[in-house]
Structures are given as C-alpha cells and as structure tokens.
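Each value in this text was obtained by applying a stated rule to the coordinates, not by laboratory testing. The structure presented is a predicted model; accordingly, all values stated were derived computationally and were not measured. All Cβ positions, glycine included, derive from the backbone under ideal geometry; neighbour counts span all protein chains shown.
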Amino acid sequence: MNREPSRSEPWRAVAEELARGAGAVLMRYFGSAFEIGYKGAQDLVTPADRDSEAFLVGELHRRFPDHAVLAEEGGGRAQAARYRWLVDPLDGTTNFAHGYPFFTVSVGLEEALPGHEGEAGRRGPMVAAAVYDPTRDECFTAAAAGGALLNGRPIRVSEVDRLERSLLVTGFPYDLRERPEESLRYFAALLPIAQAVRRDGSAALNLCYLACGRFDAFWEIKLHAWDTAAASLVAEEAGGRVTDFAGGPFDPFGIECAGSNGRVHPELLAVLGRFPRPGH
C-alpha cells in the first residue's frame, strides 16, 4: 500500500537542505587546526560550531522571517510563532575537536499548538527533521506521518525482542565529574544485561542509528532540546518508541530520554526504573 504524501514533506526537504549546508561548513574545519573554547570543564565550543550555526540561523531568518529559532550557541530568535526551528550546529563537538569522525548537524521543526506560540518549552509536535553526518554523507530525515529516510531510502528499527540480545548506546552529561553516580548507575545496571553497550558522543546520531537498526535501545539524561528534537522524530517515524524513564511522553525539554525499537522498551524501562529519577 502506498502511503499518502505527508503535508510535512516540504519541510523535510528544507530541513535536509539546511543540514547538508551546515555539514559542508563543518567539513571545512574538520581535520585542521582551530582554536577550542570552553563553556564548562567538559563542554567545548569551536569556530565550526559558531559558523555552522551562523549559516543555519542566517538561512532560516532569510527564508522564514516569521519563524522562531532555538539554537545551541544562542544565535536563534525567540518570538511568538506558529513554527520554531530547533537546531544543533554541531552535535558531538568533543569528537569533532579531537578529530574523531562521529558528529552531526541536527535540524528540527516544531509546530506550536494553538495558544502555545509564545511559550519557551515544548509548544507542540515535531513536524520535520534532518540529522546529517557529513563524514559518511548520511542524512537521516523524517516527516510527521511520512516515515523516516536515510539518504532517501526508508528505514525501520530492528526486530530484536530481548535486552540480552540488544546493542545499547548511551551518553554522559557535562556535569559527570560533579555527579558521576547519576549516570554511572544506569550504565552499571545495563552493561551486564545487554549484549553490549556503546558510548560514542552524539545523542542525535545515537537515536538515528536506533532508527535504522544499528542500535536497539538508547538512554541518556540531561540532554538539551536541540540534541534530541529532530532525532526523536526520526526514531519514532522509523517505528521506534521514545519516552521518559517512566514511559511517559517524551519531552525534548525534559531531562530523560529513553528510546528503543519498541520491543525491548518494557525491559529497558524496568531497569531504568530501579533508581530515583533525576529531578524527581
């Protein structure tokens, strides 16, 4: 059965074009010498972050002057608007700064529910997304009710149905040194249960790898909306499930993200639920 075209398809195309353009900006820097700045003890920023964001925000302001933009490095535009773009110009900055080729550009579009246009947190559903890995030329895209694609081809989550046969992936927040137990307790609990656990430094790519079956489940705490907003739509449109640690609706502005192929989600939540929830 052929799926009817989603009304979000044009937005998917825009998101992909912008993500690929920002990826080209990043690759002009990757592998060369550049100055590294610090926003915190473990939170880096590079000229590539700033130039990629300048490209994204500039294009969005030019094309859609009535849209709001939320960007990691603060170059966006806060305003009451039906549409808001959530962009991460470089997810995986530490990898990028060390020449480790696992990073991405994330571009997502949110449509505010009526009466929520001026709110700062989550305002409505995600309608389109693109997550682009320029080192592999892999662009993961999604349109609400339109499925998920990798370089134009449909993708689906895995069919693994037991946690013990699952390849899991996670990440650690930037305050790990101050509060190591908050993240390490989950890692220690899941490591002996899963087939294996990986930690590779880009939540957006982790969720997209979940979407195409490379990973079976993902969890992380203290992420930002620009880290997960686009990629969570890719995972869901690929048939995955993304929630908070209690199984409730996922909020990109919250501090818990649990994603899976759906089949192992109850097992994943059961393990995560052994511990007090962060912030609760």
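Annotations
- Using distinct alpha-carbon pairs, which all enter the 1/r mean, Kirkwood radius of segment 9-154 in Å: 15.5
- Rel. contact order, % - alpha carbon contacts under 8 angstrom, at least six apart, the chain: 17
- Normalising by residue count, the chain has a Cα convex hull of 125 Å³ per residue.
- The convex hull around the C-alpha trace of segment 163-272, projected and averaged over every direction, spans 5.9 square nanometres.
- When only Cα pairs below 8 angstrom with a gap of at least 6 residues are kept, segment 9-154 shows a relative contact order of 24 percent.
- Of all beta bridges that DSSP places with both ends in segment 163-272, some 55 percent have antiparallel geometry.
- Arg214, Arg179 arranged by Cβ crowding within 10 Å, fewest neighbours leading: Arg179, Arg214
- Shown for Phe55, Phe64, Phe34: other C-beta atoms within 10 Å of each C-beta, ranked fewest to most, produce the order Phe34, Phe64, Phe55.
- Alpha-carbon centroid distance for the pair segment 182-244 / segment 94-121, whole angstrom: 15
- For segment 23-37, backbone nitrogen atoms closer than 17 Å to the point 7 Å from Glu59 Cα along Cα-to-C-beta are found at 23-29.
- Sorted largest first, extent of segment 92-210 alpha carbons per principal axis (Å): 44, 36, 35
- Order of Arg50, Arg12, Arg241 under a 10 Å beta carbon neighbour criterion, fewest first: Arg50, Arg241, Arg12
- Bridge type composition, the chain - antiparallel percent by DSSP, nearest 5: 75
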